[in-house]
Amino acid sequence: MYVLGIETSCDETSCGVVRGRHLCSLVTRSSLPAHRQFGGVVPEIATRAHVRVIDRVCAAAIEDWGGSLNQLSAIAATVRPGLIGSLVVGVNFAKALALALRKPFIGVNHLHAHLFAPFINAPEPPEFPFLGIVVSGGHTDIYRVDDFDRIQLLGGTVDDACGEVYDKVARTFGLGYPGGPVIDRLFDPAEKNAFQFKCGRSGLEVSFSGIKTALVYAHREYADRGGLDQKTVVRLMSSFQESLVSTLVEVLREAVRRSGLSTVVCGGGVTANRYLRTRLKECASEFKAVLPPMEYTADNAAGVAGLGFYLYNEKNYVSPLSLEAESRG
Ligand code: KG4
Ligand code: ZN
């Protein structure tokens, strides 16, 4: 039994085939270079790019797998949340394939697919129940996962998503887009306490808008004085990242304390951050952080296909063709 997964929620057009948790093929094309000059993803450009390449990306994934469309048992696609124009391309492509091949269509939640990434090809996948955290450009959510059809939101950001703040701060400092990887590279542990920035946290809720504003002010202050040299940028970015990462670790500690669960499955683009990964591994005496392999941190179809397979095979889950793409989660 094989399932094809399709992911088009943002700027990546991605198709992959799985057999259970085993990934048979994965092909991803990103329109990121076309968005860079705008400092963020431009929805119209992303939608058009998906339309241009989706058939070729799908054909390449099928070819790499070495099977044929007729051998697929089901077609899974991300239906929400994301950019609506982008989602519509993948969802309708998947529905058309399902209809033509007379195979079931399985609509998948993008955030749950991020949580499935650490299960792909894992020799010993995490056992239910566990805590989940998705840290991406659009979300910072903490979940209790009793199974992939029983996921409860426990907390997360009350304003900006973590990745969004990385991107906005990087843009303020003219560091390019996306900001997360740039700040990751600039980070110097020796400078992480050079400035004292604070994120908000109350229980399982976090707030990142205040630190974003603090960094905008810091930029203005140094730029006005002509003192924004490379060393100062490194000190500011290192202190900024220290506060973001410490807040994520703290809120997870709190979620572990409250839930009594000691496994935390992590997903989303920000989990590529080297300092976050180090800090999470250091929490080993309190909880086990299960991190996705680096190649599955960003948006891709591996988790979509894997989760689609799981829901279809274990839960007899099939979506009606009337299920529509939704921008909200
Ligand atoms: O999950 P993702 O690929 O797309 C969404 O679903 O949003 O996440 C993209 C986000 C961007 O905000 C990007 O800056 C951030 O992930 N990101 C990182 C790193 N790599 C990507 N943030 C911090 N450190 C990184 N190394
Ligand atoms: Zn994502």
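We did not get these values from a lab; they are worked out from the coordinates using the rules stated. The structure displayed is predicted, hence computed values, not measured ones. Counting neighbours? That spans all protein chains shown, and the Cβs are built from the backbone with ideal geometry, glycine included.
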ask   = Cα-based count: Lys pairs in the chain below 26 Å, eight or more positions apart or different chains?
value = 16
query = If you take the charge dipole of region 258-329 about its Cα centre, with +1 on Lys and Arg Cβ and -1 on Asp and Glu Cβ, which of PRO320, SER262, PRO293 is farthest toward its positive end?
reply = SER262
ask   = In Å and whole numbers, how far do the C-alpha atoms of region 1-45 stretch along each principal axis, longest first?
value = 42, 14, 12
remark   = Asserting the computed 222 nm helical MRE of the chain (DSSP H runs at least 4 long, -39500 (n - 2.57) per run, divided by residue count, to nearest 500) equals -13500 deg cm²/dmol
query = Averaged over all directions, how much area does the convex hull of the C-alpha atoms of the chain cover when projected, in nm²?
reply = 16.2
Exposure proxy ranking, count of Cβ atoms within 10 Å, fewest first, for ILE84, ILE6, ILE142 = ILE84, ILE142, ILE6
message = Step by step: find N for region 148-280, compute 2.2 N^0.38 Å, then divide the Cα radius of gyration by it. What's the final number?
response = 1.09
note = At 37 °C in a medium of viscosity 0.692 mPa s, region 209-283 has a Stokes-Einstein diffusion coefficient, with Rh taken as the Kirkwood radius over alpha carbon pairs, in µm² per second, of 228
message = Kirkwood hydrodynamic radius, region 192-238, all distinct C-alpha pairs: what's the number in Å?
response = 11.7
key: Share of pairwise Cα separations in region 116-173, more than 19 Å, in percent   = 43
key: Amide proton proximity set for THR263, modelled H, under 5 Å, gap of 5+   = LEU131, LYS288
message = Step by step: find N for region 117-212, compute 2.2 N^0.38 Å, then divide the Cα radius of gyration by it. What's the final number?
response = 1.29
Radius of gyration, Dmax [region 244-329; alpha carbons; angstrom] = 16.1, 47
request  = Quote the convex hull volume per residue of region 1-130, based on C-alpha atoms, as a whole number of Å³.
outcome  = 114
task = Using packing as a proxy for protection, rank 90-100, 158-168 so that the peptide with the highest average count of other Cβ atoms within 10 Å comes first.
result = 158-168, 90-100
